[in-house]
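Structure first, commentary second.
Read-outs throughout are calculated quantities, based only on the coordinates presented, and are distinct from any laboratory measurement. Here the structure is a predicted model, which is why all the values come from computation and not from measurement. For neighbour counting, all protein chains shown are included, and Cβ atoms are generated from backbone atoms with ideal geometry for every residue, glycine included.
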Amino acid sequence: RIVVAGSANMDLVGLTPRLPQPGETVLGDDFVMMAGGKGANQATAAARAGGVAVFLGAIGSDAFGVTLSSRLAAAGVDTTHVRTSYGVSGVAVIMVDRAGENAIVVAPGANNSFTGLTVAEEAVIAAGDVLLCQQEIPVSTVTAACRAARAGGTRTILNAAPARELPADLLANVDLLVVNQSEAVAITGTPEPDVAGLLALVPRVVLTLGAAGARYAERGGPDEHVPAFRVDAADTTAAGDAFTGALAVAWGEGRDLTDAVRWANAAGAACARQIGASNALPTRAEIEQLYGT
Ligand code: ADP
């Protein structure tokens, strides 16, 4: 049982020949709307990877909120405890030009109202095998969720994305930190990812390395490079979410972390093969198929 406490956003994507200048209007090519947000994406990734996934978060009392929760439920995520708060849902306004360059505004909306965990939410966290958090909701909520997990004997994964300052009372309850290279650099303030520096903060670190796979290191334990699966990458959007959701599932199933990271690499690679974001999150069968190669 994987409990994801995080964000849900509606991604509104305008496809355009070129990105407009300030004050300019450009006649676009197309428009697509997708469910997104790192929390919802990772909960979806976990469910598609075969985990029992519960999402804790807040959606707005608007039409996007209805769509977001029905997309999660359709993916097999337990949405029983999702809050509906008065106001707008989280929205990402995205422009993508024909070269794939983008410009994005994220309006957090309801995600910022996800504060002050309820007794019921704390009980859900305590009943999980793994709690998975990202950083698109208030830091006080992430801190409270990890504290509730620690108190309930639930292991915690923090995917520190997007990077922001990590308070000591949060770090104290993180069992495993998952970061990509730019997040690692932002956290330690070093020119290159510094795994030893990260291990000074948390006991276990997984550093994702894109097409090179990932590095898994434990304080006073292993430090190994887990190679990627070779695929024809079409679009690496959401590869990190696929990786992290699958990692939580594998770790929750009791697999050792080296094997869990290898399985997560298969999920990330399977996602990178396909164009799209939440629609490209692989099923368990797709992960197994690559993992077996
Ligand atoms: P993010 O998308 O968060 O920046 P990465 O680019 O490090 O994260 O990708 C996350 C994971 O997805 C990698 O650790 C790897 O397992 C997988 N992945 C990403 N790009 C590729 C690729 N081109 N080929 C194979 N696997 C990939």
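Annotations
- Over the stretch 168-278: Kirkwood hydrodynamic radius from C-alpha pairwise inverse distances, Å: 14.2 Å
- Rounded to the nearest whole angstrom, the semi-axes of the ellipsoid equivalent to the chain, taken from the Cα gyration tensor as √(5λ), stand at 27, 23, 19, largest first.
- Net +/- balance of residues flanking PRO17 in space, Cβ distance below 15 Å, scoring K and R +1, D and E -1: -3
- Largest mean-square fluctuation among ILE104, ILE187, ILE275, in a Gaussian network model of the chain whose springs join Cα atoms under 10 Å apart, belongs to ILE104.
- Residue order, fewest to most surrounding Cβ atoms within 10 angstrom, among PHE55, PHE64: PHE64, PHE55
- For the stretch 60-153: relative contact order, % (alpha-carbon pairs under 8 angstrom, 6 or more apart): 22 percent
- Environment charge of ASP175, counting only residues whose C-beta is closer than 9 Å and scoring Lys/Arg +1, Asp/Glu -1: +3
- Under a Gaussian network description of the chain, with springs only between Cα atoms under 10 Å, the residue in ARG255, ARG147, ARG204 that fluctuates furthest is ARG255.
- Largest mean-square fluctuation among ASN41, ASN111, ASN180, in a Gaussian network model of the chain whose springs join Cα atoms under 10 Å apart, belongs to ASN180.
- Short-range pairs are left out: with C-alpha atoms under 8 Å and at least six residues apart, the relative contact order of the chain is 17 percent.
- Cleavage-rule hits, trypsin sites (Lys or Arg not before Pro), the stretch 20-101, DSSP coil, Cβ neighbours within 10 Å at most 14: ARG98
- Extending 7 Å from the Cα toward the beta-carbon at both ALA212 and SER70 defines two label points whose distance is 4.5 nm.
- The ranking of LEU209, LEU176 from fewest to most other beta carbons within 10 Å of each one's beta carbon is LEU209, LEU176.
- Of all beta bridges that DSSP places with both ends in the chain, some 40 percent have antiparallel geometry.
- Ordered by the number of other Cβ atoms lying within 10 Å of each residue's own Cβ, fewest first, GLU101, GLU183 fall into the sequence GLU101, GLU183.
- Of all DSSP bridge pairs formed entirely within the stretch 112-262, close to 45 percent run antiparallel.
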